[in-house]
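See structure below.
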Amino acid sequence: MSDELTSDTKQYTDWLTEWKETYFNLSDFPEMEGHDMYPTHPGMASLSDLRELESATGSSVDKLFLRLMITRHEGANEISNAEYLKGMQFGQMINLKNKTVKKQTEEIQTMKQLQAKGN
């Protein structure tokens with residue numbers, strides 16, 4: 001998953017460079033409860049979620065982590081299907097978006113299976 005994410009991120013930044021657009025680092029966005037991220041991004045863990053994860057022990061860590069990651073992936077898929085992206089004109093970007101949504105949907109299913117085994 002890590003290599004694929006790096007590859008997708010590199011593809012986005014390469015396109016931005018090609019189009020002479022500015023690449024925005026996460027650090028360019030305002031802080032949200034102590035960590036850098038676009039503040040309206042659906043599915044982001046709150047500071048209280050992160051504190052709960054930090055203090056969790058045993059199987060509670062796994063259960064909470066899976067819940068937070070499923071929510072995060074669902075939020076990313078929500079953004080990928082946002083109205084403003086439906087008008088994309090660039091075939092390569094559409095293909096990358098679709099590939100990303102497909103992969104995250106598969107990961108959600110895997111995490112839900114792990115979640116069910118843990119109950």
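So that you can scan it fast, the table gives a plain yes or no per residue for (1) open to solvent by 60 Å² or more (accessible area, probe 1.4 Å); (2) part of a helix (DSSP H, G or I); (3) at pLDDT 85 or above:
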{"residue": "MET44", "(1), (2), (3)": "no, no, no"}
{"residue": "LEU53", "(1), (2), (3)": "no, yes, yes"}
{"residue": "PHE65", "(1), (2), (3)": "yes, yes, yes"}
{"residue": "MET69", "(1), (2), (3)": "no, yes, yes"}
{"residue": "TYR84", "(1), (2), (3)": "yes, yes, no"}
{"residue": "MET88", "(1), (2), (3)": "no, no, no"}
{"residue": "ILE94", "(1), (2), (3)": "no, yes, no"}
{"residue": "VAL101", "(1), (2), (3)": "no, yes, yes"}
Residues of the range 54-71 classified as farther than 15 Å from GLN113 by Cα, without any contact (Cβ under 8 Å) to a residue 40 or more places away in the chain and of a type in the set (S, T, N, Q), total: 3
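The values are calculated or read from the model by the stated rules, or taken from the named source; none is laboratory data. Note that the coordinates shown come from a computational prediction; the quantities given were computed from them, not determined experimentally. Glycine gets a Cβ as well: all are built from the backbone with ideal geometry, and neighbour counts include every protein chain shown. Heavy atoms of the whole protein, side chains included, go into the accessibility calculation; ligands, DNA and RNA do not. Shrake-Rupley method; radii C 1.70, N 1.55, O 1.52, S 1.80 Å.
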